[in-house]
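Written out below as structure tokens is the structure these notes cover.
The values are calculated or read from the model by the stated rules, or taken from the named source; none is laboratory data. All values reported here derive from a predicted model rather than from experimental measurement. Here the Cβ positions follow ideal geometry from the backbone for every residue, glycine too, while neighbour counts run over all protein chains shown. We work out accessible area using only protein heavy atoms, side chains counted, and drop any ligands, DNA or RNA first. Shrake-Rupley method; radii C 1.70, N 1.55, O 1.52, S 1.80 Å.
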Amino acid sequence: MRGFRLKFMLHLYGWSSRVYANTFKINKKAWGITKMEFLSYPEDTLGRALGDFYLRNDFDVMPKLENHDVFHILTDTDTKIQDEIAMQYLLLGNGKWSLYLFAMIFIGGFIFPEYFSFYRQAFTKGRNMAPFHEIEFKVLLHRSVEELRASLTLKTNLITIK
């Protein structure tokens, strides 16, 4: 039964993320940076971490959803389906509200109730972080990942954009 639930959620997540980008992110501009261009950023920068993330997971850049991948890096959240659902709980804890987020939380929580304590931990983690869900991280690609993580953990405003 778990195999069926997993297949269903993976299909739903893959389909819905494309619909979300094309429907709710109409006015958002894609970053226009390729996986190889991310890999050309200096070591320890957010840009390089994104390139490594795409390479390690064998992902392509999903236009208009680049920030979501940054969230994985900065919050150290994996990409398994239960982690993707946990990411939505973390973002809710961080103050984000969207129809997509609530749908993923509801459906994911219903389909994978055995991870509820994990989801609750993710929500708490998001509450304990500085608000980051509305930041456009493209302008911070040259910054240190550790510096950015520290600013989120300390609940300080993210480093001034230079």
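Let me know the Kirkwood hydrodynamic radius for the range 98-147, please, with Cα pairs as the basis and the value in Å to one decimal.
Averaging 1/r across every pair of different Cα atoms and inverting gives 13.2 Å.
Can you give the accessible area of K7, probe radius 1.4 Å, in Å² rounded to 10?
Estimated to the nearest 10 Å², K7 gives 150 Å².
Which of the peptides 115-128, 44-57 is most tightly packed, and how do the rest follow, going by the mean number of other Cβ atoms within 10 Å of each residue? Display every interim value, and only then the final one.
Working: 115-128: 16.2, 44-57: 18.1.
So the peptides 115-128, 44-57, ranked by packing, come out 44-57, 115-128.
What is the sum of charges, Lys and Arg at +1 and Asp and Glu at -1, for the other residues whose Cβ falls under 15 Å from the Cβ of R120?
Summing Lys and Arg as +1 and Asp and Glu as -1 gives 0.
Run through all the Cα pairs of the range 53-93 and give the fraction in each 5 Å bin from 0, expressed as whole percent.
Bins of 5 Å from zero give 6, 20, 34, 28, 9, 2 percent of pairs.
Considering only protein heavy atoms and a probe of 1.4 Å, how much of the accessible area of the range 25-162 is carbon and sulfur, as a whole percent?
Carbon plus sulfur share of accessible area: 59 percent.
Here is the link list: K96/K138; K7/K96; K80/K125; K7/K28. Which ones come out longer than 21 Å on Cα distance?
Cα-Cα > 21 Å for K7/K96; K7/K28; rest within.
Of R143, R149, which has the most accessible area and how do the rest follow, probe 1.4 Å?
So, going from the largest accessible area down, we get R149, R143.
Hey, could you pull the Cα Rg and Dmax for the range 70-137, both in Å?
11.0, 33
How much length would be gained if the chain were fully extended between K80 and Q121, taking 0.36 nm per residue of separation minus their Cα-Cα distance, in nm to one decimal?
13.1 nm
For the range 110-141 and the range 64-83, write down the distance between their C-alpha centroids in whole Å.
Each part reduced to its Cα centre gives a spacing of 9 Å.
So with the 1.4 Å probe, I'd like the accessible area per residue for the range 44-91, rounded to whole Å².
For the range 44-91, the solvent-accessible area averages 36 Å² per residue.
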